[in-house]
Every structure is written in structure tokens, then in C-alpha cells.
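Enquirer: I have a structure I would like to understand better, so I am pasting it below and will then ask my questions one at a time.
The values are calculated or read from the model by the stated rules, or taken from the named source; none is laboratory data. A quick note: this is a predicted structure, and the numbers were derived from the prediction, not measured. All Cβ positions, glycine included, derive from the backbone under ideal geometry; neighbour counts span all protein chains shown. Heads up: the accessible areas ignore ligands, DNA and RNA and are worked out on the full protein's heavy atoms, side chains in. Shrake-Rupley method; radii C 1.70, N 1.55, O 1.52, S 1.80 Å.
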Amino acid sequence: MVEEKVKSIIDSLSNSASDNFTDTICLSLAKAIKADFVFVAKLNPERTIATTVSLATNNVIKENFSYHLKSTPCHNVSQGEMCCHTSQAQELYPDDQLLIDMGVVGYVGVPLKNSIDETGAILVALYLNPIESEIEVTSLFMLFSGMIIKEMEKQELIDVLYTRNKIIEESSDAIIVCDKDYKITSVNKAFTRITGYSFKEVEGESPNIFASGNHDKRFFKQMWKDITKNGTWSGEVWNKKKNGQFFPEHLSINTIYDENNNIALYVGFFIDISKKKKAEQEIYRQARFDLLTGVANRSFFMEKLSLAVTSFKKSEQSALLLMDLDLFKEVNDVHGHDFGDELLIKVSNRLQSLTKSTDIVARISGDGFAILLNNVVDDEIINNIITRIFSSFSECFIINNISIRCTLSMGVVLFQDGKDDVSTLIKKAEYATTHAKDNGRNSFSYFTQDMQNKVYRQFVLKKALSEALNNNLLTVVFQPIVSLAEEKVSKFEALVRWKNDGVWISPEEFIPIAEEFSLIKKLGEFVLGETCRQLNILKSQGYNNIQFNVNRSVYEIPLNRSENDQWLTVIEQYGLKPSDICFELTESALAPDKRNNERLFNQLKAAGCAIALDDFGTGYSSLSYLRRIPVDYIKIDKSFIQDMSTNAEENILVSTIIAMSKSLGKKTVAEGVETKEQLQQLTELGCDFIQGYYFSKPLPCEEIINFLTEFKY
Ligand code: C2E
Ligand code: CA
Ligand code: CA
């Protein structure tokens, strides 16, 4: 009898259309034991609530439900014991309302214990009439409970695996699984998204198909060494997508072992780090390269320079080239900043095109560039590069259809014995650059010790000069200028004097320092004030027709109009007329880039001041400028005068200057006239005024009156 029932249950299990095992077994058990209800219920971890997973009644599966175990026969079962009441169930459990509502009379329940003997579920049969064959029911229940629990555990495992699979499949990391022979056995969606390969396309293949060729054999050898030793490896790898594109990935590989500790699988996780790499590269670029020009920036250059210094080899030569663009500020002023920026870009490109890829070109300040020539074979190569740079910069740059010439002043320092550190090298290159600038720009200088001494002296003098200006320690002397037509002194040139620590310093030395370190305005104000004061004294003594010449540096020329008036204001303050003063300006004030200055010339002229062009012949002499600028006097530089009597060419030059000036309606002043012979020659050539030791050295103010009263031509 029981055997038949077992057989029918097993048959029904194997023939069932449903893949839900517990549903099927509940249905067939209910039928076999003629129970009104059969169900399987899972217990919560505290074993206080049961929730059915399958409930069969009248050959159908009903909806599942939960109930409290307290005061029910199921409570006993949940504690691991079988419970069986053939009748009177309601009387035995008067507080089990559900039991009463359902009209239950007979009850059989068995615990479903898992592999570690814990009761996780129960199998229950309910009868609305007394149970006929208790033995049959309990033995069938006992028989199938083991199978039910196994099946439930299996199902749970399947659920877990399904979830895990889902996690793997949906993971944003690409996952690739290989067997122990490195053949691909599985990949997930992210893998396909990143590489472009579907699973079918890579199944059974080796991961070698992704190789980019970016890594050498050593790289992979080390990787497999790590995997063999530690079971894992992680790092960055460049791989190839299906479309051939290379991409960087962060890859970690883990080895999975079987129960016998043999390698079963290799699982690789990777993410595409192209974006991260790009961002890193951008940060790298911004930190090291100049945003405007794309060449190295100052800090990166310093880094490279210090590397070059520490790895310097005596057998080779390295050199540091420092460059300033000549007159870049003026380019900016005239053409605007966008134009200036464009020029900087073009300059950078040109410098880069003239150097090797191993050399470093950098923009280290607004218009300052540097080149590090690394490990060149000999000095000759350095010379070649410098020559190439200068010949290249003799060609114009074309920006917005404007052709502009931009020259460089360059300082060069060789690594020599390799003893200099970075800051010393830079300092030396700066000295050399300054020297190149002093040489009239568009040139280069190699560093020499003399330069360093000169710079040091400049530094000391600058400090002392600044103090001297603050403490009124400068004086002014006056050199007479004689009119040949009138044969008398008609002018004096004011010349500044400075005695520093008991030593006279030449204005030739300290004027450029004053110009460079912005002391020249103060100096100029002082000289103009002293000159006006002196002229006042002369006038009070009855000398009414004497003009005083005051030197003006181009660096003193104010940029805006309101400041221009200051010169005139000072003259007025001393009760003088503008025509009492003649301003001496050198030709550099007329340089093409100094257009601005034309305005000042015109303004001074309009106010009534006289203007003399100083050191004529040494600079940007251009007839067209002379025509345009309202100059009254042309001062022929003393270098021409001094060579005149011995050098026929100089003689012709001086005579030409005089003739030209006359034709332009300007008067000429010869400077540095020391001999009678020179005086005679100049008189013959028709020069208008003579200045020089022949008549007098510059005089301290207290000697002027005496000189004037005793002067005889
Ligand atoms: P400079 O304007 O060409 O001045 C003439 C220079 O020639 C003066 O030199 C003068 O002493 C010198 N000299 C005059 N006659 C003779 C001569 O017969 N033979 C020789 N060998 N030299 C003669 P100093 O005073 O040393 O001034 C040098 C330069 O310094 C001046 O050249 C001028 O450019 C600048 N300087 C002097 N004083 C001032 C000043 O107050 N302001 C500005 N901005 N520059 C000044
Ligand atoms: Ca002068
Ligand atoms: Ca002069």
C-alpha cells in the first residue's frame, strides 16, 4: 500500500510539468495521504513566523501566507520535533485561531532539517477529519522530508548563483574568465561594451588577441611570475579593442583554485582608464608646459636643468641659453596683447624648430626663453645652434599680415667642469644676457667672470646711488658752449657728478644704472632743479642771454601727457621762461618704436623749450626723423670730432653732418673739442657752437661767473 503511494509520488515528480519541486511534492503528497492541506513553510531565523512556500489543497496550489507559530502545533515542529495529532487538534490548541477557522481536526508536521541539523522549514499535513492511518502519513513524510530539504537547498543555491551571475553580468567592471590553459570561458557585458567583442567572438581564444604591442616580453614575464607566486596581479595595461584602437585599462587578475588546490580558473577584472589617463596627462601638461606657447614652463625647465646638472658628464658638453626678446614691451604697446601673444607662440615654435627633441625649450618669463642643450659633443655644436637661432631671427614674423622683426639678446653659459649648481648657472646666464643687451641687443654673450664682477658692482652702485639721491649727495657741473658767430659763451650744459665714498663715479657708469633701476626720474628732477636755480643766479647778475642745456634720458620720458607738463612746471617755478632751457635727448628717443616720444618733442617745442639731439651719428640717425622732429641743435658726437684731424673719413662725415643740418635749418654743436686744430677745422666747416676742454672743462657753479667775466675768445 505505502509502496504504491511512494511510486505514485515519484512518478508525479518526474512527470510534473512544473519546475517547482515543492509545489509538485505538496500536491502529490496531499493526494497520497488524503490530506485536506499539505504545505511546506520556511521559518524565520528566530523561528517565530512561518511562511509557506507551497500550499496544496484539492489538487491545486494556493496562495502562500505567513503565520505566527506561537500556540500552534507547528511551534513544536519548528523546535525540531515531529508532531502528530490524529484528532482534536482544535481542543489541544485553543489559541490557534487559524486552526479553528479552517476547521482542522488532524495534524501531522515534520521538521525539515538542513545539512547541519538546523530546522529551517517544516512539512505539514492538515485534516478536516480524524486521520485514518497515522503510520502511513508519518512514514511518507519522513521519507520525503530529506528530498524536500535537499531540493530546497539546491533551489537556494541556484538563487544565490543566479544573483551572483547577475552581479557579474551587470558589473561595471569588465570581467573575463579563462580556464587553466588560458582559454576564455566567459565574459560579461561590460567586457563587450569596452572591447567591442561579443562572448562568441572570444570564446576559447587566448587573451593574447587583445595585445597592443605596447608592452615587452619582460612585462608579461613579470606579470605571470607574480600570478604564479601570489595568485594575483594588478596594474595598468594597454590593450587593443576589436576596432584596433588602443586603450589603457586597470587590470587585476585572480587565480581560482579547485578543492585539490589545482588552478581552475583565472578571472580578470578591468576598467577602461582612458579618461583618467587623459586627465592625468592634462594635469601633467598644465603643470609642466606653458599654456600659451606649449613649450616647457619655468618650473619644468628648472627640473630638467637640475637633472642635467646632476647627470653632467665631463666627456660631453651642455649649455644653458637664456634669451630675452628685444623690445617686446613695445610690440605689446603698439600692436596689443593678442598680437604679442601670437608673437610669443611664433617665437616658441621657431626656437623649437631649431633645436633637437632632446633639447629643452622653455618660456621662463613674459618674454624670456631658455634652452637647455643637453650633452652635445662639443662647443662647436653649441656655436652652430646659436648661429642658426640668430640667422633665423633675422627673418620677420608675419602676424595678421603685419611683418615684424623680433630679435633676441642671449646669454650663454657652459656647464664647464660641472661644478655650478642650477642657481649659479642661471645667474651666470643672466649676467651674460644683460651683457648682450648692453651690447646693443640682437646679440649673444658667453658668460665671463668680468660680467659677474660688473653685475656685482652695479648692484653695489645702485644701492649707493639710491641713498645719494635721497640725501642730496649729487652735484651738478656746467660746461660752457661757445658760439662761433658771436665769439662768446652762449650756453652751458649741465652735467651731473657723484662722489661715492671719496671716489668720483663717471656718469657713463651710473646713468645706465639709474636708468635700469628706475632712479633716473629722481636724478633728472634734481639736475633740472639745480640747473634752474643756477640760471636764476646768473640772471640776477645780469646774464640774460644764456641758455642752459639739460640732458634727458629716454627712460625719463613720461608715458602720459600730464606728467609731461612737470618739466615745464619746474622751469616756471624758478621764474624762468621755457626758452631758457634746452633739453638734450639722444637719438634713441627717435627710434622707430618710440613714436610716443614725438608727442613730447612737439609739446616741449610748442611751449618754447629748445631741443638738442645729443651724440648725433651714434644711433638711429635718420634724416626722415630729423625732418619730422622739431630739433634746434644737432650735437656731433665727440668721437667724430676727436678723430677728425687724423681721419679723412671722419672729417667728411663731420662736414656732411654740418652741411645737412644747415640745409634742414638746424644749428650744430661740436662736442669734445680739445685742440686749436679741431676748432679751426670746425670753424672752416661752418659749425655753429663749440663745446670741449679747449675752452673749458665742466665747472662747479661757483666758478661760472668768474669764467664768464674772464672769457676771451
Ligand atoms: P654727454 O651728454 O655727451 O656729455 C658730454 C660728455 O663729454 C660729458 O661727460 C663731458 O664731461 C664730456 N666732455 C666735454 N668736453 C670734453 C672734451 O673736450 N673731451 C672729452 N674727452 N670729454 C669731454 P660726462 O660728464 O662724463 O657725462 C657723460 C654722459 O653722461 C653725458 O654725455 C650724458 O650722456 C650723461 N649725463 C651726464 N649728466 C647727465 C644728466 O644730468 N642727466 C642725464 N640723463 N645724463 C647725464
Ligand atoms: Ca649731453
Ligand atoms: Ca653728447
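Enquirer: Among I131, N261, H68, pick out the residue whose Cα is farthest towards the positive end of the charge dipole of the chain, where Lys and Arg carry +1 and Asp and Glu carry -1 on C-beta, about the Cα centre.
Expert: The listed residue farthest towards the positive side: N261.
Enquirer: Which of the residue pairs K275/K346; K150/K189; K329/K635; K217/K277; K427/K463; K314/K346 have a Cα-Cα distance greater than 25 Å in the structure shown? Please list the in-between numbers first.
Expert: Numbers: K275/K346 31 Å; K150/K189 33 Å; K329/K635 30 Å; K217/K277 23 Å; K427/K463 19 Å; K314/K346 35 Å.
Too far apart for the 25 Å limit: K275/K346; K150/K189; K329/K635; K314/K346.
Enquirer: Give the residue from I704, I175, Y694 lying farthest towards the positive end of the charge dipole for the chain; charges sit on Cβ (+1 for Lys and Arg, -1 for Asp and Glu) and the dipole is referred to the Cα centre.
Expert: Projecting each Cα onto the dipole axis, the largest value belongs to Y694.
Enquirer: Then there's this: Using the alpha-carbon atoms, what tilt in degrees (0 to 90, nearest 10) does helix 337-353 show relative to the longest principal axis of the chain?
Expert: The angle comes out at about 80 degrees.
Enquirer: Turning to a different aspect of this structure: Cα centroid distance between the stretch 204-244 and the stretch 454-503, in Å?
Expert: Taking the Cα centre of each part, the stretch 204-244 and the stretch 454-503 sit 79 Å apart.
Enquirer: Another question about this same structure. Of the peptides 288-299, 209-220, 303-314, how do they stack up when ordered by the mean number of other Cβ atoms within 10 Å, highest first? Mind showing how you got there, number by number?
Expert: On the way: 288-299: 17.0, 209-220: 12.2, 303-314: 15.1.
With the highest mean Cβ count within 10 Å placed first, the list reads 288-299, 303-314, 209-220.
Enquirer: Which cross-chain or sequence-distant (5 or more) residues have an amide H under 5 Å from the amide H of F312, H modelled 1.01 Å from N in plane?
Expert: So F312 has HN proximity to no qualifying residue.
Enquirer: Over the stretch 172-277, with the other protein chains present, what is the accessible area per residue in square angstrom, probe 1.4 angstrom? Don't skip to the end; give the middle numbers.
Expert: On the way: 6350 Å² over 106 residues.
On a per-residue basis, the stretch 172-277 sits at 60 Å².
Enquirer: At what distance in angstrom do the alpha carbon centres of the stretch 108-172 and the stretch 41-71 lie from each other?
Expert: Value for the Cα centre distance between the two parts: 12 Å.
Enquirer: Q603 versus R164, label points 7 Å from Cα toward the beta carbon: distance in nm?
Expert: 8.9
Enquirer: Give the Debye-formula value of log10 I(q)/I(0) at each listed q (0.15, 0.16 Å⁻¹), with one equal scatterer per alpha carbon of the stretch 2-167, two decimals each.
Expert: -0.79, -0.90
Enquirer: For E91 and R533 in the same chain, what is the full-extension length gain: residue separation times 0.36 nm, less their Cα-Cα distance, in nm?
Expert: Working it through step by step, the gained length comes to 145.6 nm.
Enquirer: Around K488, which amide H atoms from residues at least 5 apart in sequence, or from another chain, sit under 5 Å from its own amide H, with H modelled in the peptide plane?
Expert: S483
Enquirer: Wrap a convex hull around the Cα atoms of the stretch 21-72, take a quarter of its surface area, and give that in square nanometres.
Expert: The orientation-averaged projected area of the Cα hull of the stretch 21-72 comes to 3.8 nm².
Enquirer: When the C-alpha atoms of the chain are aligned to their principal axes, what extent does each axis show, in angstrom, from largest down?
Expert: Principal extents (largest minus smallest coordinate, Cα): 163, 59, 50 Å.
Enquirer: Now for a separate question. What accessible area per residue comes out for the stretch 2-167, rounded to a whole number of Å², with a 1.4 Å probe?
Expert: 56
Enquirer: Going toward the positive end of the dipole of the chain, with +1 on Lys and Arg Cβ and -1 on Asp and Glu Cβ, which of F478, I209, Q678 do you reach last?
Expert: My answer, from the dipole projection, is Q678.
Enquirer: Roll a 1.4 angstrom probe over the protein heavy atoms and tell me the percent of accessible area of the chain that is carbon or sulfur.
Expert: In the chain, the share of accessible area belonging to carbon and sulfur is 51 percent.
Enquirer: If you average the sequence gap of Cα pairs under 8 Å that are 6 or more apart and divide by the length of the chain, what percent do you get for the contact order? All intermediate terms of the calculation are to be shown ahead of the outcome.
Expert: Values: 1176 pairs, mean separation 41.3, N = 713.
Value for the chain: 6 percent.
Enquirer: Scan around S445 for amide H atoms under 5 Å from its own, H built in the peptide plane at 1.01 Å from N, and keep only partners 5 or more places away or cross-chain.
Expert: Those qualifying (amide H under 5 Å, at least 5 residues apart or on another chain) are M410, G411, V412, A436.
Enquirer: Bins of 5 Å, beginning at zero and ending with the bin holding the largest distance: percent of Cα pairs per bin for the stretch 357-420, please.
Expert: Bins of 5 Å from zero give 4, 12, 20, 24, 19, 11, 5, 3, 1, 0 percent of pairs.
Enquirer: Could you tell me how many cubic angstrom of Cα convex hull volume the stretch 172-277 has per residue? Could you put the intermediate results ahead of the total?
Expert: Working: hull volume 10.7 nm³, N = 106.
So the per-residue hull volume is 101 Å³.
Enquirer: Mind putting a number on the dipole of the chain about its Cα centre? Charges go on the C-beta only, +1 for Lys and Arg and -1 for Asp and Glu, and I need it in Debye to the nearest 20.
Expert: Computed charge dipole of the chain: roughly 1660 debye.
Enquirer: Next up: In nm, what is the difference between 0.36 nm times the number of residues separating F517 and T387 and their Cα-Cα distance?
Expert: 43.6 nm
Enquirer: Rounded if a/c is under 1.5, else prolate if a/b is larger than b/c, else oblate: which is the stretch 141-226, with a ≥ b ≥ c the root eigenvalues of its Cα gyration tensor?
Expert: Prolate, since a/c reaches 1.5 and a/b exceeds b/c.
Enquirer: Treating only the Cβ of Lys, Arg, Asp and Glu as charged (+1, +1, -1, -1), what charge dipole size does the stretch 90-232 show about its Cα centre? Round to the nearest 20 debye.
Expert: 1640
Enquirer: Explain nothing, just compute: Karplus ³J(HN,Hα) = 6.51 cos²θ - 1.76 cosθ + 1.60, θ = phi - 60°, for every residue of the stretch 462-470 in order, whole Hz, x for Gly and Pro.
Expert: Values per residue, Gly and Pro as x: 4, 5, 5, 5, 4, 5, 4, 5, 5 Hz.
Enquirer: Going by the alpha-carbon gyration tensor, a ≥ b ≥ c the square roots of its eigenvalues, is the stretch 491-549 rounded (a/c under 1.5) or, if a/c is not under 1.5, prolate (a/b greater than b/c) versus oblate?
Expert: prolate
Enquirer: Same structure again: Using all C-alpha to C-alpha distances in the stretch 289-447, build P(r) with 5 Å bins and read off the rounded percent in each one.
Expert: In whole percents, the pair-distance histogram is 2, 9, 19, 23, 21, 14, 7, 3, 1, 0.
Enquirer: What list of ³J(HN,Hα) couplings, whole Hz, do you get for the stretch 301-317 from phi and the Karplus terms 6.51, -1.76, 1.60, once you set θ to phi - 60° and write x for glycine and proline?
Expert: Residue by residue, the stretch 301-317 yields 4, 4, 4, 5, 5, 5, 5, 5, 5, 6, 9, 4, 10, 5, 5, 10, 10 Hz.
Enquirer: Another question, if that's okay. Kindly rank 338-344, 232-238 from highest to lowest mean number of other beta carbons found within 10 Å of each residue.
Expert: Taking the mean over residues of other Cβ atoms within 10 Å, the ranking is 338-344, 232-238.
Enquirer: Kindly write out, for the stretch 109-122 in residue order, the coupling ³J(HN,Hα) from the Karplus curve 6.51 cos²θ - 1.76 cosθ + 1.60 (θ = phi - 60°), rounded to whole Hz, with x marking Gly and Pro.
Expert: The phi angles translate into x, 10, x, 9, 9, 7, 4, 9, 6, 9, 8, x, 8, 9 Hz.
Enquirer: Sticking with this structure for a sec: Under a 1.4 angstrom probe, counting protein chains only, how are C74, C396 ranked by accessible area, largest first?
Expert: These residues rank, largest area first, as C396, C74.
Enquirer: May I ask for the Kirkwood hydrodynamic radius of the stretch 76-153, worked out over all distinct Cα pairs and given in angstroms to one decimal?
Expert: Details: mean 1/r = 0.0768 Å⁻¹.
Mean inverse Cα-Cα distance, inverted, gives 13.0 Å.
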